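Asker: Quick one: the structure is below, and I'll ask about it shortly.
The values are calculated or read from the model by the stated rules, or taken from the named source; none is laboratory data. Bear in mind that the values here come from a model prediction, so they are computed numbers and not experimental data. No Cβ is skipped: glycine too gets one built from the backbone with ideal geometry, and neighbour counts run over all protein chains shown.
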């Protein structure tokens, strides 16, 4: 069975940046399982997987516009520490939910300087070229419930409620 929209796909992957550093990978025995054609993967990776079959291996280079987007300086804000009162042990790399005009957004603490905290609303991989090594483990038709919900249920699937 080839990968096509409305199929449930399990992949093993390693993600590296252009310097060759590993940024992310699937767990040793646990592939990432997703519903193809429903926006659950970044567009560049999903497009490269279309038509592949179990056992196929591929290398995929994904530019920022097909990945997590360009880095946007407008999403970086400096706020006084007192604006974050109630948050214990503020530290670099900490991820927080911020309420913005566009709704909730995850921001990362990227700098702590005296009373000022720098919050970055970009995805941590924004602006980066992503290099994936992927092996397709399994492809199956999605269930009616999975299609209705737009994501996978059961082992390897993510239940979003």
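Asker: Could you check region 6-31 and list, in sequence order, the residues that are surrounded by 15 or more Cβ atoms within 10 Å (Cβ to Cβ) and not in a strand (DSSP E or B)?
Answerer: Correct list: 26, 31.
Asker: Between 34, 71, which is under 30 Å from residue 109 (Cα atoms) and either assigned to a helix (DSSP H, G or I) or in contact with a strand residue (DSSP E or B) (Cβ under 8 Å, 6 or more places away or on another chain) (or both)?
Answerer: 34
Asker: Out of 123, 149, which single residue is in contact (Cβ under 8 Å) with a residue 24 or more places away in the chain, surrounded by 12 or more Cβ atoms within 10 Å (Cβ to Cβ) and closer than 22 Å to residue 42 by Cα?
Answerer: 123
For (1) modelled with pLDDT of 95 or more; (2) surrounded by 11 or more Cβ atoms within 10 Å (Cβ to Cβ); (3) closer than 30 Å to residue 13 by Cβ; (4) not assigned by TED's automatic domain parsing to the domain that holds residue 12, each residue gets a yes or a no:
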| residue | (1), (2), (3), (4) |
| --- | --- |
| 46 | yes, yes, yes, no |
| 52 | yes, yes, yes, no |
| 63 | yes, yes, yes, no |
| 82 | no, no, no, yes |
| 85 | no, no, no, yes |
| 98 | no, yes, yes, yes |
| 102 | no, no, yes, yes |
| 105 | no, yes, yes, yes |
